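Peer 1: Just passing along the structure, written as structure tokens.
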Amino acid sequence: MSTEDKKQRAAREALKWLNDARVIGVGTGSTVNHFIAALKDMRGRLDGAVSSSTASTQRLKAMGIPVLDLNAAGELPVYVDGADEANRHLQLIKGGGGALTREKIVAAVSKRFVCIVDDSKLVQVLGGFPLPVEVIPMARSHVARELVKLGGRPDWRQGFVTDNGNIILDVHGLSIMDPPRLESEINQITGVVCVGIFAHRPADVLLVGESNGVRTLSG
Ligand code: 5RP
């Protein structure tokens with residue numbers, strides 16, 4: 001079975017976790033794109049969605065699903081998003097698509113965070129995937145030097161600007177043994193907008209698409 005098929009399996013399984021939610025949070029990425037496509041049959045039951053990126057906003061609108069301002073929507077019952085890596089504690093690396101800041105905001109205001117991945121994303125130790133860090137452009141060099149002090153090799157994602165007008169440093173070579181601690185340390189660097197470790201607010205449910213079906217891990 002292909003990776004795309006596994007992503008699609010996890011995405012379809014997420015529909016079961018929406019229960020009777022009228023407004024949902026929707027993340028970003030190719031796995032989430034399968035989820036948005038699967039929302040087709042739910043359109044009448046949803047008042048709208050809060051989106052974590054302009055890319056997902058466009059897809060949701062194309063499906064006929066109203067996109068709501070988070071400030072007006074308030075707390076959300078459920079948020080569905082993908083990840084670049086996940087461990088068994090449901091801690092994540094996110095931001096491969098560059099939407100990490102808005103994703104972290106939507107996760108923070110959601111009662112339940114349902115994360116959808118294919119089985120290649122499940123790892124013992126986070127950090128094999130280069131860690132995305134969103135940075136204010138004028139602080140790029142300063143933040144990069146500080147990340148080197150933490151043992152990483154930051155790489156400026158060329159030609160990419162986030163939806164918030166910032167840049168991304170992808171940090172290679174980290175073996176993240178204590179995700180909440182490193183999340184806090186990187187958050188403390190002046191000029192960092194957001195780090196792609198989701199450990200202080202991990203997923204509540206991880207749906208892992210596999211050849212045999214979908215494995216459910218919950219916190
Ligand atoms: C975007 C993200 C995505 O959830 C992550 O990159 C996974 O993407 P995909 O589903 O395409 O593998 O964090 O910022």
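Peer 1: Does ALA38 satisfy the condition of being within 15 Å of the ligand (Cβ to nearest atom), more than 18 Å from the chain's Cα centre (by Cα) and at pLDDT 95 or above?
Peer 2: yes
Peer 1: Please pick out the residue among VAL171, VAL148 that is free of Cβ contacts under 8 Å to residues at least 12 places away in the same chain, over 13 Å from ALA86 (Cα atoms) and not in a loop (DSSP other than H, G, I, E, B).
Peer 2: Answer to the check: VAL148.
Peer 1: So THR101 fits all but one of (1) under 25 Å from GLU210 (Cβ atoms); (2) within 11 Å of the ligand (Cβ to nearest atom); (3) of a type outside the set (A, V, I, L, M, F, W, C); what number is the exception?
Peer 2: (1)
Peer 1: Further, regarding this structure: Is it the case that the range 136-147 has a residue that's surrounded by fewer than 16 Cβ atoms within 10 Å (Cβ to Cβ), over 28 Å from LEU18 (Cβ atoms) and under 20 Å from the mean Cα position of the chain (by Cα)?
Peer 2: no
Peer 1: Checking GLN58 against (1) over 19 Å from VAL205 (Cα atoms); (2) of a type outside the set (Gly, Ala, Ser); (3) not in a helix (DSSP H, G or I), only one condition comes out false. Which one?
Peer 2: The single condition GLN58 does not satisfy is (3).
Peer 1: Can you give me the number of residues within the range 41-62 that are loosely packed, with under 15 Cβ neighbours inside 10 Å and either away from the ligand (no atom under 14 Å from the Cβ) or among the acidic types (Asp, Glu) (or both)?
Peer 2: Qualifying residue count for the region: 9.
Peer 1: Which of the residues spanning the range 82-120 are under 19 Å from ASP5 (Cβ atoms), within 12 Å of the chain's Cα centre (by Cα) and assigned to a strand (DSSP E or B)?
Peer 2: ALA86, CYS115, ILE116, VAL117
Peer 1: A follow-up question, please. Return the residue satisfying two criteria in turn: it lies in the range 121-147 and is within 9 Å of the ligand (Cβ to nearest atom) and out of contact with any helix residue (DSSP H, G or I) (no Cβ under 6 Å at 6 or more places or on another chain), and of such residues it is nearest to GLU4 (Cα to Cα).
Peer 2: LYS121
Peer 1: Next up: In this structure, is GLN91 away from the ligand (no atom under 12 Å from the Cβ) and assigned by TED's automatic domain parsing to the domain that holds PRO77?
Peer 2: When the stated conditions are applied, GLN91 passes them.
Peer 1: Are any residues in the range 83-135 surrounded by fewer than 17 Cβ atoms within 10 Å (Cβ to Cβ) and among the hydroxyl-bearing types (Ser, Thr, Tyr), and if so, which ones?
Peer 2: Hit for the range 83-135 is SER120, nothing else.
The values are calculated or read from the model by the stated rules, or taken from the named source; none is laboratory data. Everything numeric here is computed off the predicted structure, so don't read it as measured data. No Cβ is skipped: glycine too gets one built from the backbone with ideal geometry, and neighbour counts run over all protein chains shown.
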